[in-house]
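See structure below.
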Amino acid sequence: MRTRLPLALTTLAACCLASLSHTAWAQASDGLEPESDAPAALAITVAETTPTEVPQAAPEAAPQTAPEAPRRLLASESSATAPTATHFQQLLQGALARDPQVQGAAALVRVAQAQLAQVRSRWFPSVGLNASKTRSQDEDLGTPIERNSERLDATFKWNLYSGGADQALIDSLERDVAAAELDLQRAREECAERLASAYADAVRADTVVATATELMERLRQLKALVDKQVASGKSSDVDAQTSASSLLEVAITHADAQADARRARLKLSALSGKAPEAVQGLSLPPSPALDDQHPADWLDLREGNARYQAARQRAESARLKVGQIAAVLQPRVDLQVRRALSDHTDPTPTSNTRTSTGLSVSLEMPLGGESFARRDEGLQRAEAAAADAERISLEAQIDWADAADRLATARHTQGIHLKQLEHLERVLRGAAVQFEAGRRSLVQLIDLQKMPFSARQKLAESRATQFTAQVRMLSLSGGLIDALQRATVAIDPAQGPVH
């Protein structure tokens, strides 16, 4: 009788705890907060990133309220004390310095500047030397003469009026230079966007690896517990095989996550030319483009879109070139001065020109209508360039709306994932006690252990989606590089920098 009393008390305590866990399960499923939680047997914390020891069930402990799960900052939230993301900014500088698209765009800027300098030189006169050596058969007063001449002349030429063609071409090329500079800005923004997206993917991959590591450790501890039960005869060998199989399955998932993380770091290294260190979540500074409380109008934001502005500059350049074509129908005025520097002619002629000054006016009028056809062509090209600018604006507006929708959806789903993890935390506490009491099967407990891994993986993807959507929106509005240069490390008030 004395030996059975402790066993009966132990059984009664286990049944009471199982009943409490069942109540917690029901309340969590209904979205309600339970009045109390059972002692944690295999508890999970939402923001954990490293494996933790699995506490054993303690039936004698008093019920306690579930602690509030810590929350990571969103990518758009910034802390005044957050450290600057120096490592990422070093990667950004390396990527901008070695990106082929940026280098090509910079070269095209220099090409456009050289073309502009060529046309501007038309405003200035030109000087030259003209050396000649001739032998001629002349006739002087009826007498045939063989004359040899060596002459060196200096020339001065200056176009005084070209009908406005030079000025029209200069104005057009100035727009082309501005468009090339905007193309360079666009190339830098796209390079920064590629790097930021790769960095966000590396942060996500590292989070998945940490989560898979924790799940593998939990299943390893569960397997050890099942092995003890099998050794004591409380469980069958099937349970041991089941726990071992689930551990191997998670080991494969862990290996895949590590491979994904390696590929993400290789991409970062290829883009930046530097081996990335430990990656951390980034927090972008506030921006009108990211203000979800007062959404900005795209017609205002597109003024910062480098691609659209470059297309507008090219459309204006095409319109100005029409003036160059129209100048063909106007006269051309040129000034030319020639002065002899040396003249050796034998025999000496009776007269010789030492200095001459001439002003010429010329006007050519093609009769086949070529000038008018070229003018019509220029007008149509200008119209086509303006339409192309509006097409680019429409495409950017669609991309903007898509990124804004992805950002809003990711913010919404992040809240759902966090709430789901809070419920799963309480469910796992109760499920572990129910397994100990024999009220829940091993397969059910293993499935429950995998659910937080899936939820946290989706949470990491949601955060990465938020960040990449914000990066895309800033790239479209022209403020990405400035925002990334002022980015800080995302700080969790409870755990420090977010990894």
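The values are calculated or read from the model by the stated rules, or taken from the named source; none is laboratory data. Here the structure is a predicted model, which means the values were calculated and not measured. So basically every Cβ, Gly included, is an ideal-geometry build from the backbone, and we count neighbours across all protein chains shown.
Would you say Glu316 is touching a residue at least 24 places away in the same chain (Cβ under 8 Å), in a helix (DSSP H, G or I) and of a type outside the set (Ser, Thr, Tyr)? So Glu316 fits the description; yes. Return yes or no: is Gly142 more than 30 Å from Gln457 (Cβ to Cβ), among the small types (Gly, Ala, Ser), touching a residue at least 60 places away in the same chain (Cβ under 8 Å) and surrounded by fewer than 19 Cβ atoms within 10 Å (Cβ to Cβ)? Criteria not met by Gly142. Screening region 449-499 for residues that are closer than 23 Å to Met216 by Cα and not in a helix (DSSP H, G or I) and picking the one that is modelled with the highest pLDDT gives Val498. The residues on offer are Ala289, Ala270, Ala310, and the sole one that is at pLDDT 80 or above, crowded, with 18+ Cβ neighbours inside 10 Å and either on the phi < 0 side of the Ramachandran plot or part of a strand (DSSP E or B) (or both) is Ala310.
Taking interchain pairs and intrachain pairs at least six residues apart, which have beta carbon atoms under 6 angstrom, with the first residue in region 417-445 and in contact (Cβ under 8 Å) with a residue 12 or more places away in the chain and the second among the polar types (S, T, N, Q)? Partner pairs satisfying both residue conditions: Gly430/Ser21; Val433/Ser21; Gln434/Ser21; Leu442/Thr242. Return the residues of region 449-467 that are buried (at least 21 other Cβ atoms within 10 Å of the Cβ) and within 20 Å of Gln241 (Cα to Cα); say none if nothing qualifies. Listed by number, the list holds a single entry, Gln449.
The single condition from (1) more than 22 Å from Ser197 (Cα to Cα); (2) touching an Asp or Glu at 6+ places or on another chain (Cβ under 9 Å) that Pro288 fails is (1). Within the option set Ser235, Ser243, being small (Gly, Ala, Ser), part of a helix (DSSP H, G or I), touching a residue at least 40 places away in the same chain (Cβ under 8 Å) and out of contact with any Asp or Glu (no Cβ under 7 Å at 6 or more places or on another chain) holds for one residue only, Ser243. For the structure I just gave you, tell me whether Ala431 is in a helix (DSSP H, G or I) and over 30 Å from Ala244 (Cβ atoms). Considered against the rule, which asks whether it is in a helix (DSSP H, G or I) and over 30 Å from Ala244 (Cβ atoms), Ala431 comes out as no. Scanning region 109-141 for residues that are outside any strand (DSSP E or B) and more than 30 Å from Arg188 (Cβ to Cβ), we see that the one that is farthest from the chain's Cα centre (by Cα) is Leu141.
Condition test on Leu363, is it surrounded by fewer than 12 Cβ atoms within 10 Å (Cβ to Cβ) and of a type outside the set (Gly, Ala, Ser)? When the stated conditions are applied, Leu363 passes them. State whether the residues of region 205-227 include one that is within 20 Å of the chain's Cα centre (by Cα), touching a residue at least 12 places away in the same chain (Cβ under 8 Å) and closer than 19 Å to Lys267 by Cβ. Taking every residue of region 205-227 in turn, at least one turns out to be within 20 Å of the chain's Cα centre (by Cα), touching a residue at least 12 places away in the same chain (Cβ under 8 Å) and closer than 19 Å to Lys267 by Cβ. Being within 30 Å of Arg120 (Cβ to Cβ) and outside any helix (DSSP H, G or I) is the filter here, so list the residues in region 143-199 that pass it. The answer is Asp153, Ala154, Thr155, Phe156, Lys157, Trp158, Asn159, Leu160, Tyr161, Ser162, Gly163, Gly164.
Could you please give the count of residues in region 332-346 that are surrounded by fewer than 12 Cβ atoms within 10 Å (Cβ to Cβ) and not small (Gly, Ala, Ser)?
Step one: list which residues in region 332-346 are surrounded by fewer than 12 Cβ atoms within 10 Å (Cβ to Cβ), which gives 342, 344, 346.
Still in the running and not small (Gly, Ala, Ser): 344, 346.
Residues that pass the stated criteria total 2.
Yes or no: region 210-219 includes at least one residue that is touching a His at 6+ places or on another chain (Cβ under 8 Å) and either among the β-branched types (Val, Ile, Thr) or not in a helix (DSSP H, G or I) (or both). Yes, some residue in region 210-219 is touching a His at 6+ places or on another chain (Cβ under 8 Å) and either among the β-branched types (Val, Ile, Thr) or not in a helix (DSSP H, G or I) (or both). When you check Gln336 against the structure, is it among the polar types (S, T, N, Q) and in contact with a helix residue (DSSP H, G or I) (Cβ under 9 Å, 6 or more places away or on another chain), yes or no? Here the answer is no, as Gln336 does not meet what is asked.
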